[in-house]
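Taking it in order: structure first as structure tokens, then the write-up.
The values are calculated or read from the model by the stated rules, or taken from the named source; none is laboratory data. As the structure is a computational prediction, the values presented were derived from the model and not from experiment. Positions of Cβ are backbone-derived with ideal geometry, glycine not excepted, and every protein chain shown enters the neighbour counts.
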Amino acid sequence: MQSIDPKSLVAGFQPVIDVARGTIVGYEVLARRQAPNSNALDSLGHLFFGGQIPSRELLELDRQIRRLAVDQLDDLPADSFLSLNISPDWINQLTAWTTTPLLQMLDKAGVNPQQIVLEITEQPGSLGTMKQVVRRYREEGYRVAIDDFGAGSAHMHRIMELEPDILKLDMKLFKNAANQGRHYDLVHSVSRLAEKTGCQLVCEGVETEQEFSFGLELGAAWMQGFLFGPAEARFHDRHHYLDRVQRLRAEFLARKVGEQRQYFDFEQQVLENLRHLKAHCLDADPATFTPQSSAVSVLKYYICNADGTQLSPNYEISDGQVAVDASPQGVNWCWRPHFYQLLAARRTQEREFVASAQYRDVHTRLSCRSYVTALDETRYLLADIMQPDGHGPQASGVDLL
């Protein structure tokens, strides 16, 4: 491939949006080239993959883009940051960590560390080297972001060893999940991991209102993507996208309120069916139960004693018929949160049922919740009920009903 003319290189700044405030909180610095006879900027991101240009030339291109960006820091709006990408390949080539070419460049430019986020794509290699470099950046006051979090090569235990300040969700993973793809549950797990570890979660590649809405569901306070704007050779006023974000938030809120109202109606039907099931199990053979509403799908139910040991078979409902499976008798379920929560709630407050968080059944792969209620002082009824996808509780806690 033909070498890149250094004079055509431009630092592109793609805005990162604080969706809670509606403001631009920072910019990711991206490699761009001024298009011939045009004001448009061409992406050079493809050059960083597949060995299209010699490694030494690529390193110099990378460094020049960072220098161009840092030279414009005086124009950066107050309380904003620049996110500089660092290739893990360069990090793996370091032989000393007291300083690095990047730290030397930033120090020479007199950069305030609060204005810079150093963004690393985690890849297989020496975790020790990566930890030393990240620690050194932090000692100088710089925040560290891990890019493409959740991608195939990014093992979560390695990421947590690095203790990043910011996690940027892998773009392909995010887009798949936003469209109800097979990564939907995985991405929700990643978002909860970020929350529990105190990392700021960022969704990038946000191009549609559906993806923006999904990012809000994940709890991502920061987003970036073409829905707001491409990388440009200039900065914007911090409130440049405020009207758009306010409209998107309002539409999200209206939609979620509607969904929750529908779910509350569904949950009321669930409670009516559970009461019907409870009364039936107290007065008749559990195997003869008939669901009260076709809108509520009871997958299975069973009875445990007060220490969580299953006394009855599983009563599994399919096509309106109850099948009996005795194999789980004697299994103990005391470790399930909704079970011990009910035991605790009975001593402190009047609660008829306790419901688990939403999960996928390991056998059917259906989305469901487990409900538990006391039949009497020694027996407890548990029922698994199918849920409408995406509308039930996603948190790890339980509901007291």
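Kindly list the number of the only condition in (1) more than 31 Å from the chain's Cα centre (by Cα); (2) among the aliphatic types (A, V, I, L, M); (3) under 16 Å from residue 235 (Cα atoms) that fails for residue 29.
So residue 29 meets the others, but not (1).
Against the conditions (1) farther than 21 Å from residue 118 by Cα; (2) surrounded by 21 or more Cβ atoms within 10 Å (Cβ to Cβ), where does residue 12 fall short? Just the number, please.
Unmet for residue 12, out of (1) farther than 21 Å from residue 118 by Cα; (2) surrounded by 21 or more Cβ atoms within 10 Å (Cβ to Cβ): (1).
Going through region 314-329 one residue at a time, which ones are touching a helix residue (DSSP H, G or I) at 6+ places or on another chain (Cβ under 8 Å) and either buried (at least 18 other Cβ atoms within 10 Å of the Cβ) or at positive phi (or both)?
Listed by number, the residues that qualify are 315, 322.
Yes or no: residue 195 within 14 Å of the chain's Cα centre (by Cα), under 22 Å from residue 147 (Cβ atoms) and buried (at least 17 other Cβ atoms within 10 Å of the Cβ)?
Here the answer is no, as residue 195 does not meet what is asked.
Could you tell me whether residue 177 is touching a His at 6+ places or on another chain (Cβ under 8 Å), at pLDDT below 95 and crowded, with 17+ Cβ neighbours inside 10 Å?
Yes: the conditions hold for residue 177.
Looking at 19, 25 in this structure, which one is crowded, with 19+ Cβ neighbours inside 10 Å, under 21 Å from residue 246 (Cβ atoms) and in contact with an Asp or Glu (Cβ under 6 Å, 6 or more places away or on another chain)?
25
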